[in-house]
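The values are calculated or read from the model by the stated rules, or taken from the named source; none is laboratory data. Quantities reported herein were computed from a predicted structural model and do not represent experimental measurements. Neighbour counts run over all protein chains shown; Cβ positions are idealised from the backbone, glycine included.
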Amino acid sequence: MKCPFCGHLGDKVVDSRESREGEVIRRRRECLACGRRFTSYERIDEIPYMVVKKDGTRERFERQKITSGMLKACEKRPVSVAAVEALADQVEATLQERPEKEIPTKEVGKLVMQELRRLDKVAYVRFASVYRDFRDVGEFMTELQDLLDAKD
């Protein structure tokens, strides 16, 4: 570590502490040349998850996009924002458990629909109607019938 005061490369660690969340390590260091102390922070550099879109392009996974889509689907429904956030947490955790760093949007959408189906059936149908891009009323009715049959 380079001393910010004199530029010397030698130092010793005087104290190390982990943050409460365990995401950052704070280290107090002392320069071996000038004797002044300074603090460094270490963070784990995570590889971002990439989402592969229908046209083959890739973009960084953004939790906010999932959350906003679910909030639109849950509009005027008895679903709290906290429940939507918890659902987004669940989807994100499931994606992080996967060894692959690239996930097709189709799979992300399926995960969201599975969780929405448990949370609120109407929100599920709303999300599915946009996500699945039904070509006609027949496809939409088939999905509704599957939902009704699963309810029994």
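Scan Ser68, Ser40 and give me the residue that is polar (S, T, N, Q), over 30 Å from Phe5 (Cβ atoms) and either at pLDDT 90 or above or in the same structural domain as Ser129 (by TED's automatic domain parsing) (or both).
Numbers: Ser40 fails: over 30 Å from Phe5 (Cβ atoms).
When all the criteria are applied, what remains is Ser68.
Quick one: would you say Gly109 is under 23 Å from Ala123 (Cβ atoms), surrounded by 12 or more Cβ atoms within 10 Å (Cβ to Cβ) and touching a residue at least 60 places away in the same chain (Cβ under 8 Å)? Show your work before the answer.
Working: under 23 Å from Ala123 (Cβ atoms): yes; surrounded by 12 or more Cβ atoms within 10 Å (Cβ to Cβ): yes; touching a residue at least 60 places away in the same chain (Cβ under 8 Å): no.
So Gly109 does not fit the description; no.
Anything in segment 10-30 that is modelled with pLDDT of 95 or more and of a type in the set (A, V, I, L, M, F, W, C)? List them, or say none.
Val13, Val14
Would you mind finding the one in Val125, Val130, Val52, Val79 that is aliphatic (A, V, I, L, M) and under 16 Å from the mean Cα position of the chain (by Cα)?
Numbers: Val125 fails: under 16 Å from the mean Cα position of the chain (by Cα); Val130 fails: under 16 Å from the mean Cα position of the chain (by Cα); Val79 fails: under 16 Å from the mean Cα position of the chain (by Cα).
The unique qualifying residue is Val52.
Filter segment 95-104 down to the residues that are surrounded by 15 or more Cβ atoms within 10 Å (Cβ to Cβ) and at pLDDT below 90 and list them by number.
Step one: filter segment 95-104 for residues surrounded by 15 or more Cβ atoms within 10 Å (Cβ to Cβ), giving 95, 103.
Across segment 95-104, the qualifying residue is only Leu95.
Give the residues of segment 43-71 that are farther than 14 Å from Glu100 by Cα and of a type in the set (A, V, I, L, M), sorted by residue number.
Ile44, Ile66, Met70, Leu71
Can you pull out every residue in segment 35-75 that is under 19 Å from Leu95 (Cα atoms), part of a loop (DSSP other than H, G, I, E, B) and touching a Lys or Arg at 6+ places or on another chain (Cβ under 9 Å)?
Ile47, Pro48, Tyr49, Lys54
What's the number of the only condition in (1) in the same structural domain as Ala128 (by TED's automatic domain parsing); (2) exposed (fewer than 12 other Cβ atoms within 10 Å of the Cβ) that Leu87 fails to meet?
Here Leu87 meets the rest and fails (2).
Restricting attention to segment 28-51, does a residue exist that is of a type in the set (A, V, I, L, M) and closer than 25 Å to Arg132 by Cβ? Don't jump to the end; show me each part of the working.
Initially, segment 28-51 is screened for residues of a type in the set (A, V, I, L, M), giving 32-33, 44, 47, 50-51.
With the extra rule that they be closer than 25 Å to Arg132 by Cβ, the set shrinks to 50-51.
Yes, segment 28-51 contains a residue that is of a type in the set (A, V, I, L, M) and closer than 25 Å to Arg132 by Cβ.
For every residue, the table says whether it meets (1) modelled with pLDDT of 85 or more; (2) of a type in the set (Lys, Arg); (3) in a helix (DSSP H, G or I).
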position: Val79; (1), (2), (3): yes, no, no
position: Ala86; (1), (2), (3): yes, no, yes
position: Gln90; (1), (2), (3): yes, no, yes
position: Gln114; (1), (2), (3): yes, no, yes
position: Ser129; (1), (2), (3): no, no, yes
position: Thr142; (1), (2), (3): no, no, yes
